[in-house]
Structure formats: C-alpha cells, structure tokens
Amino acid sequence: MTAFLLIFAGMTTFVDGQVNLGYQTPDSAIARLIDQPPTPGVSISPDKQYLLLLERPSMPSIEEISQPELRVGGFRINPQTNGPSRAGYLTGFELMRLDGQTPYEVTGLPKDGRLGAPRWSPNSQYMAFTVTTAKGISLWVAEVATGKARPIAAEVVNAAFGTTFSWLSDSKTLLVQEIVQERGATPEPSLIPTGPVVQESKGKAAIVRTYQDLLQNAYDESVFDYYATSVVVKYSLDGNRKVITPAGILAQMDASPDGNYLFLDWIQRPYSYLVPAYRFARRLEITDMEGNKVRDFAVLPLAESIPKGFDAVRKGPRNVEWRSDKPAELYWVEALDGGDPAAEATSRDRIYRLNAPFAGDPQPLFESPYRFAGFNWGDDHLAIAYERWWSTRKIITKRFDPADPTKVSVISDRSSEDRYGDPGSFMSLTNSLGQRVLVQDKKKKYLYLIGAGASDEGERPFMDQYQLSDGTTKRLIRSAAPYYDYPAGIIDADKGLIILRRESPKEAPNYFIHTLGTDKYQPITFFKNPYPELTDAKNELITYSRKDGVQLSAKVYYPVGYDPKKDGPRPVLMWAYPEEYKSAAAASQVNGSPYEFIRVNWASPLFWLTRGYVIVEDFAMPIIGEGGDEPNDHFVEQLTDNAAAVIDKLVDMGVADRDRIAVGGHSYGAFMTANLLAHTQLFAAGIARSGAYNRTLTPFGFQSEERTFWDAPEVYATMSPFFHADQIKTPLLMIHGQADNNPGTFTLQSERLYQAIKGLGGNARLVLLPSESHGYQARESILHMLWEMDRFLEKTIGSESGGSR
C-alpha cells in the first residue's frame, strides 16, 4: 500500500495545477502498432464480376482536423468545402476481376484529393465518387474496364448533410446536389445585437435529448441557410447538365427505380433551437425528372415535441421510400397511435403505398401491431417485413404477399436481446434498376440467411437456405475452428458460389470464392498481417458466474510467450461497455469469438500486450431489469457484481493479482469506470475517455434510459459518479476531446468531475485534446492519448507501481 501511494503522490505533484505539454509519443512498440497502414476496404460490383479495393489513409494530422468548422442545426460543416468537417476519406482505388486478373489502379485522380466512398452504376460499368480539395467537392466517374477517372461536376457539390449524388437506373445519368452558385458572400455576424434570443413554452411538453451543435440565434439560422441550400442537377456521362429543382434545403433526394420520378424532402421554417435539423418542419413532394411537380405529398410540422419513450415517433408520414422491386411505387409509414407508445392501440403503424402516376388515393398495404421497422422486397408475391417494440425488446420478422397482404406468416418472434435465437438476415443483391432485393434461386424456391451464429461456444457465423414452401431452413455453412468465416455475398445461388471472408487470430481477413459443400476456397485478396509482433499472442473466451447466478463471458488476451504457471500474475487492463437487458437469460449469452483476427485500432486496449499486460476486452457488463423493474434500478449493484466476478475468475486462473488491475472505457464505458471507482475498491486505477458523469445534465434520458430525471430522480443521482466524487480515491485518468459532438458527453462533463475530485483531495488527471470530437482522429492526439495511458498504467499497475496497494 505504502509504495503505491508514494509513487502516485509523486505523480500528483506533477499534475497539480495547469500542465502545458506539447504532443508526446508513447513507447516505440506502441507507436509502431498504431502507425501501421490500414488494410484496404473491399466493395463488390453488382454483377459480382469485379472487386474494388479501397485504399485507406493513415491517421490525419492535427492540422487537418483543426480546419475551420461551423456547428449549426446538429451538423458540422467545413465552410471551405461545404461538406462535413470530419468526414473520413479514401486515398486510392484498385480494381480486379474476380476471375483472378491482376489488380489495376484507377488513374487520373488529383494528387491532393480526398476520395469519397464510391457507388457502382447499376450495370457495374462505372463507379462514381466525390473528390474533396481545399477548394471544394467535385464529382468524378471512373470507367471500370479501363480504370480511367474523370470529373463530372467540378467543386460544386453540396455535401453539408453528407448525401451528395445518386445514379439513375440507366447507368448513364447522375443526380447531384449542388451549391447555389449565385448565393453571394458568407453571412457575417453583426457586432451589434439586434435583440434578445427568446424561446417560450406554452404548456406543451417537449422532451428532447441533450443534442449538441444546435442553432442558437438568428445569425446561426442565416449560416445554416447559406451552407445547406442546394439545387438538384442532372448530369449525363456525355457532359450534359440540367438544373431540375429550385433552390432549397434538401434533406432527402431519392429517384424512383425506373428513373422517371424524384421524391424530395425539403426542410422548412420555422427552425428550432432545441432539436437538430432532421426534426424541423418538412415539405414532401414528387416531381418528374424535368423538375415538374407531380404531387404535393405532405407537410410535416416542426417536431420539437414527440411523446416520451424509445417507441415514440412523430405524427404524419415517415420513412418514405421507393419499393425496390417496382419501377415507381412509394411506400411510407404512419402511426395509428399518435406516435405515443403509452396510448392503447391494436395496431401501432400502418404502411401505405402509392403508384405512379400518383394521382389516386394512397392504398393501405400492411398494419403492424408494433412499430414498423422496414421491408426486404422480393417480387410481386414476396416481401419480408420487420416490426419491433423497444420496451419489451420484441422483434418480429414476417413474410407477406404484396399482391394479397392478407397472406402473412410469422418467420420469427423473439427478443432482440436473444442472440442465440437470431435466425440471421436475409441476403440481398442489386437488381437491374440498381436496387437491393432478396436473393432467390432461379426457380424461386429459396431465400438465404446469414448471421453471426452466437452460441455458448462463441460466435460461429452461418449461412442458411430458407425454403419458401414450408419455412424450414437448411444450414449450408457454419464457421469452424481455427477460422472465423463470414459469408460476404452470393455470386450464384444455384451453383452454390459465394464470397467468403476468412480470418484467424494470426491471419488478417481475406476474401475467397467458395463453393458450398466442397473444400474449394479460391483466394481473391492477399492482405498481410500488419501486426506480426502480435502473431503469437494468444487469446481465449472465458465464462464465469456472478453471485446471482448470471453467466458472464470475457475475451482475454495474453502477451507473447506468457505462461501463467511459469510467469505468475501480470498487470491486467480491463476494458468494457455496459449493456442493458430485460432478461437474465439473454444477458448470460456468450459474446465474441476466439477465432477472430486480433485487430488494433486507436480505441483498443491491446497496445499493452507489448508491455506484458494481460488484456481483458469486452468483459460482460450486463445491467438487468426483469419484469416491472428497469435495468438502471440496479445499476451500481450489478456493475459491482459484474466486475467482482471477472476479477475472481482472473485471480483463480492465476493471471491476475488484485493489486494490479486497472479498468477503463470510452463514452458509456468511461461512465462505467468512474462509477466503479466511486463505489468499489476493486481496482488500482481507472481510465475514462469522453464520458458523461452527471446525469442531471442529461435530464430527458440517456443511453437506454427512457425515464426523465423527474420520473426517477433517485436513479439519476445514484448513477452519477459526480454525486459521489468524494468517494473516488483511486487514481483516475480522464481524457476528453474539446470538440465532443456526442449527445450528452459534453466536454464540460469531464471538466466538472475533475474539478470535484481535485477539490475533494482525490487523485485525477484531466487531458483535453484540442479539435477532437467524441472519437479521436489526429495522429498527434492519438499518440498523446496512448502516451498518457501508458505513463499512467506503468505508474499505477505496471513496472513503476511497486506491485501492491
């Protein structure tokens, strides 16, 4: 105990007061892991003839993520590009035929451009993508056969809302959202206020989450209008350009599968300072492809207030989409209960449809006893419908006949928490219109399902054949040791040809063409393991029980060459994220697989394998509330029992001693960490990144908590580590991005908890990362974060800790 306190006392002297550090770099073994270039992503063409390799960049610099940023209406916009300020990007493309042709680069790209995610044309002959430079965002097209790329629309794309373009079904035409060229100069704030900002409540409840980046005044409104306003332009591959809509703020632009109609969702005033733009007033309409109005579809009022609960929805049409197996048929959902889950109702939702030329009345298609959750379309007589109800965790999958909707049968009715009972997801493919539809064999006898295959052995992904005549399934493939095989797509259902992603703890994920029922695996990618120093690091999936009998699991990683019997206990870093359950049986189900590739990313705790630590990742943290109880009624008690159970298991295994265990987490995992330090003496140290610690600052609900502060003040108080800061005596490292945009996890949360701990004489260190959001991006930030964590762990449980508390 004495040695530990003396060591950390020295650290406390260092952190007391303001410390201005330059960016630091961790141990070289840790830095090497994070600096490895990421493995390319993969995209398969609709005709299953080509594979596109997506080259991803290493981490951006702090200069890149510190570019100017506007935060309005719930969005973050780079004013220099009129696109998202923190969007990921690609650095290059390679194409290859699945028949084994040598890969070839997509050429002609600008050297300084950041490439957006590509979209295949429906006929697979082209792919379109954006290119972002300092001057703006352009739209480019590459010819697949030659790999030659060229610009279509230069530096005029408006990507403020993220969506920018789409292909029409002819594979020759693109729709693009463009900046209004005559919009004038950027709005400038007035130095003299024109008046106060006034909001008023007139007795109507407006329950909203703690959103960030909202509009705050009239100037923000003008900035939002300036950057969000766009026009829709039709481009042909031969260079023709035609503007087809007036200027406006467009939330959704969706062409009909046949390419003859356009559904438009316009954002309208009045705006709100309480909710993001997607809850502003809306005007929905249908036009033809020349921009002529075909039908006014609906006007939706500002939705500052919707009823309470995760099953609540706004009134009026929602989820308006084109039916993917028809040329031009719209369908949408409307609540029959006013959107209020507390209202009595036999059916909650009704789905309507309306066919081209959209002159008649909408026709009811389907009624859902619960909230409608989407369709998988097949053909005139086949569709799959989904329903869900959050409060009971119910999810129902149904098969029905669109031509005769009375023909409905239930495929599965289960709890969404029941991973063992998950029948999988129906596989889809891209049809000739560029739309996703169900995969069927030529005789239309079968559908196909893929799933994670959760079991008490861990995950074993599978592919099933679903027989339409009687609803029975036949297992076609199931992953088996020593590999983790996941079916990534079907090439030919009748021939049993599929694309399979295969990996193991030592082998990076690669793609194969596999013939079902045989041992034929033709490799089509050859990605190398970027972490050879971890090749011999072993891992296992362990199971154990907490004191109330709930079965738990965790994934344990061991340093290379470690033998518990010979080497004895090692320092242990535990990392987790709590999850809420309504069923103890579901909470007991095993997560993860020991056969997955060992992945390292910026958020991972696996870096400390290089320090000789044992790493416990994703150890089960279920919070259970059965029957009339809510999970959070027992949050602290169950959090404590979960942690105690896994520590007992690790000590019994001989890999840990109780004096050298640290716990950590990100976001809700940080919230967990602070609570564990406030309510237990189980750990020698804690690391909390980008968390929320005072639940009264999220008074209208958080995470999976539907109740407001005024419904359950004692729950909010008990769960808030800020209220128990006087009990946090264990050293705590807190890290937070200064530009956190996640609802509820304001940077202020970490600042206030640190101030409380400091004022009460506890041991804490607060690190604020400039320009970083909820997830960290810049190389300098991530290396510094790793340096802070490494230094902290070495002093509290590692080589400098003295080994006892």
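The values are calculated or read from the model by the stated rules, or taken from the named source; none is laboratory data. Predicted model, so just to flag it, every value in this text is computed and none were measured. Backbone-built Cβ (ideal geometry, glycine too); neighbour counts: all protein chains shown. Heads up: the accessible areas ignore ligands, DNA and RNA and are worked out on the full protein's heavy atoms, side chains in. Shrake-Rupley method; radii C 1.70, N 1.55, O 1.52, S 1.80 Å.
Using only Cα atoms and rounding to the nearest 10 degrees, what angle (0 to 90) does helix 218-228 make with the longest principal axis of the chain? With both axes taken from Cα atoms, the answer is about 60 degrees.
What's the carbon and sulfur percent of the stretch 344-498's accessible surface, probe 1.4 angstrom, rounded to a whole number? Within the stretch 344-498, the accessible surface is 47 percent carbon and sulfur.
Taking packing as the residue-averaged number of other Cβ atoms within 10 angstrom, the listed peptides 320-331, 661-672, 570-581, 295-306 run from highest to lowest as 661-672, 570-581, 320-331, 295-306.
Take the Cα radius of gyration of the stretch 715-805 and divide it by 2.2 N^0.38 Å, N being the number of residues; the result is 1.19. Counted over all Cα-Cα pairs of the stretch 15-156, pairs farther apart than 20 Å make up 58 percent. Taking the charge dipole of the chain about its Cα centre, with +1 at Lys and Arg Cβ atoms and -1 at Asp and Glu Cβ atoms, the residue from Leu447, Ser667, Pro362 reaching farthest to the positive side is Leu447. Overall dimensions of the stretch 301-384, expressed as equivalent-ellipsoid semi-axes from the Cα gyration tensor (√(5λ), whole Å, largest first), are 25, 15, 11. In the stretch 100-186, inverting the average of 1/r over every pair of distinct C-alpha atoms gives 13.8 Å as the Kirkwood radius. Measuring how big the stretch 108-252 is from its alpha-carbon positions, Rg and Dmax come out at 19.4, 64 Å. Along its first, second and third principal axes, ordered by size, the stretch 696-767 spans 34, 28, 16 Å in Cα coordinates. Split the accessible area of the stretch 152-307 by element, probe 1.4 Å, and carbon with sulfur accounts for 51%. Remark: the chain carries a charge dipole of roughly 740 debye about the Cα centre, counting +1 on each Lys and Arg Cβ and -1 on each Asp and Glu Cβ. Computed over the alpha carbons of the stretch 199-279, Rg followed by Dmax gives 17.1, 58 Å. The trypsin sites (Lys or Arg not before Pro) of the stretch 187-260 that DSSP puts in a loop, and whose beta carbon has at most 15 other beta carbons within 10 Å, are Lys202, Lys204, Arg209.
The Cβ shell under 13 Å around Ser469 holds other residues with a net charge of +3, Lys and Arg each +1, Asp and Glu each -1. Give the distance, in whole Å, between the Cα centre of the stretch 225-241 and the Cα centre of the stretch 242-285. So the separation of the two Cα centres works out to 14 Å. Counted by Cβ distance under 12 Å from Lys234, the other residues give a net charge of -1, where Lys and Arg count +1 and Asp and Glu count -1. Taking only the Cα atoms of the chain, the radius of gyration and Dmax are 27.6, 82 Å.
Based on DSSP H segments of at least four residues, each scored -39500 (n - 2.57), the chain has a per-residue ellipticity at 222 nm of -4000 deg cm²/dmol.
Sorting the segments 508-517, 549-558, 58-67 by their mean number of nearby beta carbons within 10 angstrom, highest to lowest, gives 549-558, 508-517, 58-67.
Short-range pairs are left out: with C-alpha atoms under 8 Å and at least six residues apart, the relative contact order of the chain is 10 percent. Angle check, please: helix 668-679 long axis (alpha carbons) against the longest principal axis of the chain (alpha carbons), in degrees 0 to 90, nearest 10. Around 30 degrees separate the two axes. Can you tell me the orientation of helix 779-796 relative to the chain, as the angle in degrees between its alpha-carbon axis and the longest Cα principal axis, to the nearest 10? So the inclination is approximately 30 degrees.
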